1. Angle, helix 272-288 long axis vs. longest principal axis of the chain, Cα atoms, 0 to 90°, nearest 10?
2. Among DSSP bridges having both ends in the chain, what percentage is antiparallel? Round to the nearest 5.
3. What distance in nm lies between label points placed 7 Å from Cα along the C-beta direction at residue 287 and residue 264?
4. Based on the Kirkwood radius over alpha-carbon pairs, what is the Stokes-Einstein translational diffusion coefficient of the range 29-153 at 37 °C with 0.692 mPa s viscosity, in µm²/s?
5. What spacing in nm lies between the two simple spin-label points modelled at residue 6 and residue 107, each 7 Å away from Cα in the Cβ direction?
6. Under 10 °C and 1.306 mPa s, how fast does the range 290-363 diffuse according to Stokes-Einstein, given a Kirkwood radius computed over C-alpha pairs? Answer in µm²/s, whole number.
7. I want to verify a result. In a Gaussian network model of the chain, Cα cutoff 10 Å, which of these has the top mean-square fluctuation: 206, 173, 235?
8. Radius of gyration and Dmax for the range 53-113's Cα atoms, expressed in Å?
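Any read-out appearing in this document is the output of simple, stated calculations on the displayed coordinates, not a laboratory observation. Keep in mind that what you see is a predicted model, and the values were worked out from it rather than measured. Here Cβ is always computed from backbone atoms with ideal geometry, including for glycine, and neighbour counts include all displayed protein chains.
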């Protein structure tokens, strides 16, 4: 690091890493705090869906920004960040989401059963409503995290942040091993964001929950093209399923959108619910995805944080020079969100859509 940074980012998940990279693009020195392995908290897992489909047109526009940034950053860092295999959605949600996508200029269209089988060869026969988002795909999560961590070098500090507080005209960050002051700070600490916000008197209206995703091996030769999947149809016994391919298309990660709600202290009222969700996901695979071996090869548990105005809701709280982003399903939003927050840290003016009062991503 050539100079003492005046900006800090707490958390090296996907939002924190995108914010830090966007700051470096602007020539702004930054220090990033991460107590664990970068990208291994709420951002963890071998793949995620990139999709443009949302109920809020502003969020569709933000995902378009993110897709362009993933492409540009991937070229700069010489890594594929999102596959070109597309994102498939089936079920009644197609009828409401497709017109919004087309109005926004997203390359999305209705597809028939024949084309569905071609782009999603793992799926059992289905002839209901289906659409293809051609610029959607599987996010190469591990490659993205590794690529965004590399430019940080010694800017990445492996330490736990205990408090963030205003001191005079600066922001003090106390970690286990150091105390530093900055002009501006972004706290991108996943479930820990709300805890640090309380040290500044902010009560973020987030609901914590626990989630499970299972990864299954593809039977036989991996298909050349394997689109992601969202299933709201109920035809195969579930109405909130998502799935994305692992690089190489030899494995496919499947989860239910349902989570297990947590208490305020992050304990789970009924830990058996996680096992039930895993069992339901495996049962769905047996019914809906005969192209997969039904015995999972990997299980991933993680925390999720949702806002009251929608499953895809996003908001950024601001107090005393500190930004606190919160939301769910942020992998597809992270490049645009991080870039907008970097702009807010530098210009001290936050993008209007990010203010909690804007209810970005409302359902």
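1. Here the helix axis deviates by roughly 40 degrees.
2. 75 percent
3. Each label point is offset 7 Å from its Cα along the Cβ direction, giving 3.8 nm.
4. 204 µm²/s
5. 4.2 nm
6. My calculation gives 113 µm²/s for D.
7. 235
8. 13.2, 39
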